[in-house]
Structures are given as C-alpha cells and as structure tokens.
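Working notes, structure below.
The values are calculated or read from the model by the stated rules, or taken from the named source; none is laboratory data. A quick note: this is a predicted structure, and the numbers were derived from the prediction, not measured. Positions of Cβ are backbone-derived with ideal geometry, glycine not excepted, and every protein chain shown enters the neighbour counts.
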Ligand SMILES: Cc1ncc(C[n+]2csc(CCOP(=O)(O)OP(=O)(O)O)c2C)c(N)n1
Ligand SMILES: [Mg+2]
C-alpha cells in the first residue's frame with residue numbers, strides 16, 4: 001500500500017474521485033493540505049477573496065454541471081465564513097463538499113486559537129457531516145461525503161479535518177474506497193408501481209391537467225422525459241423559480257413561472273387545474289400563497305425523491321417517492337400509446353381558457369419617459385446572447401425581472417439562490433459557472449445592493465481571467481425592499497436607499513476590468529453589443545434604470561394562488 | 001396525541017445531536033428521550049415520546065428517517081406494544097407513620113426500596129408513564145418527595161414486529 005501523509009491523502013482522494021477544481025482560502029489549520037496541493041497538477045485550486053464566495057463558486061459550478069462543487073477553508077473564521085454559502089446550497093439541494101480545517105484533536109474543546117465547532121455550526125444546514133478522527137479514515141470520509149452530496153436529494157456535506165491528522169510529517173497507508181455503501185442510507189429512486197398506476201389513471205382522467213416542474217427535474221437530468229410527458233398529455237407546463245429551463249421556456253405549452261411573481265396564466269392555470277403533476281417541486285410558500293386557498297379543484301400527484309417533501313405543505317392525493325427521471329420513465333411506460341387526437345380534444349377547452357388568460361399579456365410594460373426600464377435590459381441581454389447564456393443572478397427585483405424576461409430553453413442555464421435568497425450569490429456563482437465552462441458566456445444579472453456583497457471577487461476574476469459579463473441594474477436602491485415599502489408602508493423608504501453609491505465603472509477599472517455606464521434607453525443596445533464584443537474581458541455594465549419600476553405580477557398576501565396585482569393600479 | 005417513536009441509528013458521534021436538532025429546528029416537541037446502544041454495539045436505539053397530530057408525526061418520522069445515520073424509524077403507538085419507564089424517587093421518612101405509609105404504597109405499586117438512610121428511602125419503580133405519575137402522586141400525599149429521576153419511555157412492538165437493521 002502507498003504511504004503518505006494525511007494532507008496528501010486529502011488531495012489524492014480528491015483526485016481519485018475525479019475532482020478538478022477546489023475553491024478555497026488558506027489558513028493555519030489547512031497549511032499542510034495547501035502544501036500537498038502545491039506539489040501536484042491534478043486538482044486546480046482557485047483562490048477566492050472571501051470564503052463565502054468560495055462556497056457560492058462551488059455552488060455555481062455544481063448547478064451548471066450537476067457535479068459536486070468543492071470548497072477548502074481553514075478552521076474558525078474560514079469555516080464560519082462559508083456558512084451562508086452552505087445554507088444557500090442546502091436550501092436549493094445543491095451537491096457540495098466543504099473541507100474545513102480544525103484545530104488539532106487534542107485541543108478540540110479548549111477554545112483553542114481559531115477553533116469553532118464547525119460540525120455543530122453547520123448541522124442544521126448540511127445533509128451530513130464528518131469529523132475525521134484518524135488519518136487512515138480520510139479517504140473513506142471524503143468518498144462518503146461525495147457519495148452523500150450527490151445522490152438522493154443532493155445537498156452540502158462538511159468534512160472537518162483536525163490539523164494533527166493531516167500532519168505532513170507522519171505517513172499512513174492510503175487506500176481509496178472503490179465502492180461506498182452505507183447500510184443507513186439508500187435513497188429510493190423508482191416509484192412504487194401501485195402509485196405509478198394511480199398517477200397515470202388520475203392524469204388520463206383529467207380534463208384540466210398541469211405539470212408543475214421544480215429544481216428536482218434539473219438535478220435528475222429529466223428535461224427530455226418531462227417534455228415527453230407534457231407533449232403526450234398536451235398539458236400546460238409551469239415552472240418554479242428553481243425549475244426554469246427544465247422545460248423549455250420557448251415551448252408553446254409553457255405558461256411561465258408560477259408563484260409570488262409568477263405569470264398570471266401560470267397561477268390561473270394552477271388554481272383552476274383538476275390535476276397537478278408536481279415533479280421535483282416542494283410547494284414552497286413563495287408558490288402556494290395561502291395554503292388554505294391553494295388549488296381547490298386539483299388532484300395532486302407529488303413526485304419527489306425526498307419523502308419528507310411530500311405532503312409537508314400541501315397534502316398529496318397520489319404521493320410518489322422517487323427521482324424525477326426514474327418516475328417519469330415509469331409514467332411514460334404506464335401511459336403507453338395515447339391517442340393524440342383524443343387527448344387534444346379532451347384538453348381543448350382547457351387550452352382555450354389558458355389562451356384567454358395569456359391574452360392579458362401580463363408581462364407587458366410601458367417604455368418611454370427617457371428612463372431605461374429593467375425589463376428592456378433583460379430583453380436586450382437575451383437578444384445579445386441569443387438566449388443561450390448562463391445567467392446567474394443575485395437577489396432582488398433584478399432577479400425576478402431576469403426570471404420573467406429571459407426565457408431559458410435549457411436546464412442549468414439559470415443559476416439563482418431560490419430558497420435562501422442570498423444577496424451576494426450572483427458574481428461568485430457566475431465565476432463557478434465560468435470555471436466549469438471556459439468557452440461559454442457567463443453573465444450575472446445583479447443590483448447595486450447585491451453586487452456590493454461580494455464585490456471583492458472582481459480580483460479573483462482578474463487572477464483567473466474570468467470574462468464574466470456583469471449586468472447591474474442600478475436603481476440606487478434596495479429595490480425589492482423599496483417595492484414592499486411602497487406597497488405596505490405607504491412609501492416610507494426606511495433604509496432601502498443607498499446615497500453613497502460608488503462609481504462602479506471606476507471600481508471595475510480599479511480591479512483591471514472594463515466598466516461601461518449606460519443612462520439612456522437609446523444607448524442600451526450599442527453598449528450591450530460592446531460588452532459582449534469584449535470576449536476575453538470582464539465587463540461591468542452599470543445600467544441606470546428607472547427607480548420606480550415594480551415587479552409585477554405579484555400575488556396578494558393571504559389570497560389564493562391567482563389573486564394578483566398586475567400593475568400599480570390593476571388586480572385580478 | 002401522545003406518540004412513541006422508535007429509532008434505530010448508527011452509534012456514531014454526532015448522531016444524537018442530529019436527531020435532537022431535527023426536533024428543535026422544526027419546532028417538534030419532545031416529552032422524553034431515551035437512548036442506549038443495542039445488543040449490536042454499532043447501533044443505538046432511541047425512543048422519543050412526543051405529543052403531536054398525525055400530520056406532524058408523519059413529518060417527524062420522515063425528517064428523522066432522512067438523517068443519514070438513521071436506519072429505521074417506527075411509530076410504536078401505531079400498534080400493540082410494550083412500554084416501560086423507570087423512576088428512582090427519594091422520599092423523606094421522618095416518622096414511623098410516614099415510613100409505614102410509604103412502605104404500603106411501595107407494595108401496592110410493586111416498587112422496591114433500593115436504599116435506606118436515617119431520614120429517607122430511595123425507591124425504584126417501573127411501569128408505564130401513567131403508573132409512575134400515579135405512584136409519585138400517591139407518595140406526595142403522605143410525604144415529601146426530595147428528588148426523582150426518570151429514564152423516559154422505552155418500548156418494543158409486541159409479537160413478530162421488530163426494528164432490525
Ligand atoms: C444577504 C441578504 N440580506 C438581505 C436580504 C433582503 N433583501 C432582499 S432583496 C433586497 C434588495 C436588493 O437590492 P439590489 O441588489 O439593489 O436589487 P434590486 O431589488 O434593487 O434590484 C434585500 C435587502 C437578502 N435577500 N439577502
Ligand atoms: Mg438596487
């Protein structure tokens with residue numbers, strides 16, 4: 001057996017698992033591991049400027065590829081700085097492994113320098129965690145971490161590594177565990193046959209069916225299968241914020257995103273459906289609005305890999321535990337051949353009704369008055385990227401505008417913090433995307449508030465030549481907060497206004513990048529063209545937009561799914 | 001409704017804190033919790049008593065089951081089962097009259113006096129939680145309870161049913 005130090009084992013295990021990139025930041029407890037990284041070329045380390053960003057980068061990397069993202073940080077502050085990033089990945093079920101340094105075993109519990117109980121701190125926001133006690137256990141712990149992170153319902157896993165076990169001066173036998181199995185962990189992938197039969201029967205009896213697709217369809221790589229089911233049933237499809245792209249947004253059966261800022265036709269169709277096929281979605285409160293008024297006519301078929309998600313918020317009539325791809329295959333097989341003509345006839349009235357809702361054109365907005373509208377920026381972005389960019393987003397109004405006005409035709413193109421809503425996620429996520437796809441166009445849609453939460457990463461972009469395109473919708477405000485204050489607090493803008501805005505163009509230039517300011521609608525198109533022409537450079541687009549624009553449609557609190565405001569003055 | 005949840009899990013560091021975490025994190029209450037390794041030392045068995053409606057119980061069992069270290073979860077109160085709890089209780093016995101009254105209660109409840117001191121008895125009693133409550137109440141009628149310690153409920157399903165890996 002090969003002999004090596006614990007630190008060398010960490011790096012070697014990563015290599016044997018097939019990890020190509022590690023996002024991290026060094027410090028005392030992990031110096032041995034950093035030394036082991038120095039001596040090799042298999043695993044590329046990306047040095048961030050803040051550990052939170054390392055976690056978001058690993059996250060963006062994972063969301064855009066489906067592969068587990070890897071983070072390496074030191075103990076204490078290094079570890080706690082990743083907490084927001086771990087929580088972000090946890091809420092959206094993103095596979096991630098965080099390797100954190102720890103003080104030497106014999107000092108654990110002594111309040112040693114840079115000691116934090118990382119396993120304890122992260123416990124509520126990880127899928128699982130390990131505190132490794134012996135160097136020989138390192139390969140198995142890390143291999144298990146990757147296995148757990150990216151099977152079943154994916155999620156982040158922490159591996160805490162005390163400094164004494166990674167000590168470079170002691171060698172131990174290295175053995176890579178070829179096969180990881182755990183008697184206490186066996187996720188169910190295939191749906192129960194009886195439930196599949198029941199689901200298909202319910203679907204075929206339905207006259208007003210709808211597919212409600214969530215992030216689970218993306219993690220299961222089930223886009224084609226979901227499309228096949230939708231087309232077979234000729235059913236409308238709606239998507240959660242997390243599911244965008246799982247079913248093509250340019251498909252004629254797509255009725256748009258649903259929920260708080262969903263499209264009118266999506267929420268209407270959900271509310272009036274007689275059968276909802278939920279595929280990897282979890283009936284989040286940002287979707288359901290008032291649960292007591294939620295979709296009163298629908299038989300709900302809930303497909304999810306996590307049994308705990310089923311009937312957690314809304315009771316399912318037909319619960320199906322399994323991964324979306326496996327269950328979709330089973331559903332298709334059980335459906336067999338469906339007479340397309342008869343099926344079309346069955347849902348003809350339903351489509352007529354839906355098209356009527358569509359004709360309200362809820363996404364229309366007013367241009368003019370000399371100000372750039374956020375919606376037109378997103379439309380311009382769509383045009384200049386041929387609808388084929390990776391779009392990472394921060395959190396706020398700009399996020400909703402991006403979700404609504406950039407139709408995603410493919411999965412894994414829309415990268416956003418849906419569950420936790422983490423401002424500061426966008427830029428590092430886009431960097432992770434760019435690391436994973438060096439040739440692709442990686443953009444961030446952000447706001448003047450969010451971008452400042454991880455702005456230091458502009459330096460990392462310089463170091464690794466990441467030609468990200470930052471589309472900053474500058475409304476000189478925490479716009480989403482301001483919108484709520486307009487609506488609920490009579491326009492009392494308590495601390496949502498930032499009157500010390502930096503000069504973002506100069507800031508970008510200070511970091512060595514290109515900055516472009518746009519203030520007039522007629523300049524937008526040309527500026528956007530200039531931005532995307534600078535192929536190998538990072539461009540920061542500081543776009544001054546109308547400060548008073550609100551995101552609509554918007555659900556009305558305590559109402560049903562389809563109780564919505566359609567503009568500042570109109571409602572359903 | 002009062003429910004008894006049995007959990008079989010890896011006897012690994014951190015497992016217990018994860019279970020307790022699920023309860024505090026999701027706002028489930030715990031009436032009692034009893035945990036020890038099983039005949040197979042690599043496994044621990046945990047019994048949790050909680051009061052919750054069916055929907056919450058479903059969530060509790062699912063969320064606990066979801067923990068990576070957990071092998072099996074079952075709701076004992078779903079079927080026939082045996083449940084026991086043990087209590088040690090120390091009572092003041094300052095007069096002959098009190099000693100006699102305490103001794104009478106000990107006989108009625110089939111408890112045992114396990115330690116005797118000049119001014120107190122330590123008594124052990126096992127049974128259902130109700131029986132323990134009743135015993136404590138009876139003692140308190142005739143004397144002062146100095147301190148008491150209860151193990152929390154542990155239980156097994158009756159018949160063939162078993163929680164095995
Ligand atoms: C870390 C964090 N802190 C606070 C919030 C609450 N919050 C949600 S949106 C928002 C405003 C975002 O402002 P900006 O990035 O400028 O976007 P805009 O809404 O103006 O488009 C705030 C403060 C959050 N989501 N994340
Ligand atoms: Mg803003």
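Here are a few things to note about the model shown:
- Criterion applied to A:426, A:449 was being more than 20 Å from residue A:408 (Cα to Cα) and within 12 Å of ligand 1 (Cβ to nearest atom), and the one residue passing it is A:449.
- Taking the criterion of being within 14 Å of chain A (Cβ to nearest Cβ) and in a strand (DSSP E or B), the residues of segment B:16-63 that qualify are B:43, B:44, B:45, B:46.
- Residue check for residue A:268: farther than 24 Å from residue A:227 by Cα, in contact (Cβ under 8 Å) with a residue 60 or more places away in the chain and away from every other protein chain (no Cβ under 14 Å): no
- Extreme residue, nearest to residue A:219 (Cα to Cα), among residues of segment A:92-105 that are more than 22 Å from the chain's Cα centre (by Cα) and within 14 Å of chain B (Cβ to nearest Cβ): A:102
- Scanning segment A:459-476 for residues that are within 16 Å of ligand 1 (Cβ to nearest atom) and either closer than 16 Å to residue A:531 by Cα or in a helix (DSSP H, G or I) (or both) turns up A:470, A:471, A:472, A:473.
- Residue match in segment A:378-386 (condition: within 16 Å of ligand 2 (Cβ to nearest atom), within 19 Å of residue A:541 (Cβ to Cβ) and either crowded, with 24+ Cβ neighbours inside 10 Å or touching a residue at least 60 places away in the same chain (Cβ under 8 Å) (or both)): yes
- Residue within segment B:89-98 that is assigned to a helix (DSSP H, G or I), in contact (Cβ under 8 Å) with a residue 12 or more places away in the chain and more than 14 Å from chain A (Cβ to nearest Cβ) present: yes
- Just one residue in the set A:152, A:120, A:101, A:85 is under 20 Å from residue A:31 (Cα atoms) and either part of a strand (DSSP E or B) or assigned by TED's automatic domain parsing to the domain that holds residue A:32 (or both); that residue is A:101.
- Condition check for residue A:374: within 16 Å of ligand 2 (Cβ to nearest atom) and surrounded by 15 or more Cβ atoms within 10 Å (Cβ to Cβ): yes
- Single condition residue B:13 does not satisfy, out of (1) in a loop (DSSP other than H, G, I, E, B); (2) within 14 Å of another protein chain (Cβ to nearest Cβ); (3) within 18 Å of residue B:129 (Cβ to Cβ): (3)
- Looking only at segment A:415-452, and only at residues there that are within 14 Å of ligand 2 (Cβ to nearest atom) and surrounded by fewer than 23 Cβ atoms within 10 Å (Cβ to Cβ), the one that is nearest to residue A:59 (Cα to Cα): A:423
- Residue A:316 being at pLDDT 95 or above and either within 14 Å of residue A:562 (Cβ to Cβ) or within 20 Å of the chain's Cα centre (by Cα) (or both): no
- You will find that of A:428, A:438, the residue that is out of contact with any strand residue (DSSP E or B) (no Cβ under 6 Å at 6 or more places or on another chain) and part of a loop (DSSP other than H, G, I, E, B) is A:438 and no other.
- Test: residue in segment A:185-194 that is out of contact with any helix residue (DSSP H, G or I) (no Cβ under 6 Å at 6 or more places or on another chain), without any contact (Cβ under 8 Å) to a residue 24 or more places away in the chain and within 14 Å of another protein chain (Cβ to nearest Cβ): yes
- Residue match in segment A:276-285 (condition: crowded, with 23+ Cβ neighbours inside 10 Å and more than 24 Å from residue A:225 (Cα to Cα)): no
- Some residue of segment B:112-132 being over 20 Å from the mean Cα position of the chain (by Cα) and in a helix (DSSP H, G or I): no
- Residues of segment A:166-181 that turn out to be in contact with a strand residue (DSSP E or B) (Cβ under 9 Å, 6 or more places away or on another chain) and either exposed (fewer than 15 other Cβ atoms within 10 Å of the Cβ) or in a helix (DSSP H, G or I) (or both), as a count: 3
- Here residue A:119 clears all of (1) out of contact with any strand residue (DSSP E or B) (no Cβ under 8 Å at 6 or more places or on another chain); (2) within 29 Å of residue A:242 (Cα to Cα); (3) surrounded by fewer than 24 Cβ atoms within 10 Å (Cβ to Cβ) except the condition numbered (1).
- Criterion violated by residue A:480 - all others in (1) outside any helix (DSSP H, G or I); (2) near ligand 1 (Cβ under 9 Å from one of its atoms) satisfied: (1)
- So residue A:496, is it on the phi < 0 side of the Ramachandran plot, more than 14 Å from chain B (Cβ to nearest Cβ), within 15 Å of ligand 1 (Cβ to nearest atom) and over 20 Å from the mean Cα position of the chain (by Cα): yes
- Residue within segment A:145-160 that is out of contact with any strand residue (DSSP E or B) (no Cβ under 9 Å at 6 or more places or on another chain) and either more than 14 Å from chain B (Cβ to nearest Cβ) or surrounded by 24 or more Cβ atoms within 10 Å (Cβ to Cβ) (or both) present: no
- Qualifying residues in segment A:224-240 (those that are without any contact (Cβ under 8 Å) to a residue 24 or more places away in the chain and either more than 21 Å from residue A:357 (Cβ to Cβ) or out of contact with any strand residue (DSSP E or B) (no Cβ under 9 Å at 6 or more places or on another chain) (or both)) - the one surrounded by the most Cβ atoms within 10 Å (Cβ to Cβ): A:231
- Residue in segment B:76-84 that is facing another protein chain (nearest Cβ under 9 Å) and either in a helix (DSSP H, G or I) or buried (at least 20 other Cβ atoms within 10 Å of the Cβ) (or both) present: no
- Residue in segment A:106-114 that is outside any helix (DSSP H, G or I), touching a residue at least 40 places away in the same chain (Cβ under 8 Å) and more than 14 Å from every other protein chain (Cβ to nearest Cβ) present: yes
- Taken residue by residue, segment A:251-263 has at least one member that is away from every other protein chain (no Cβ under 14 Å) and free of Cβ contacts under 8 Å to residues at least 12 places away in the same chain.
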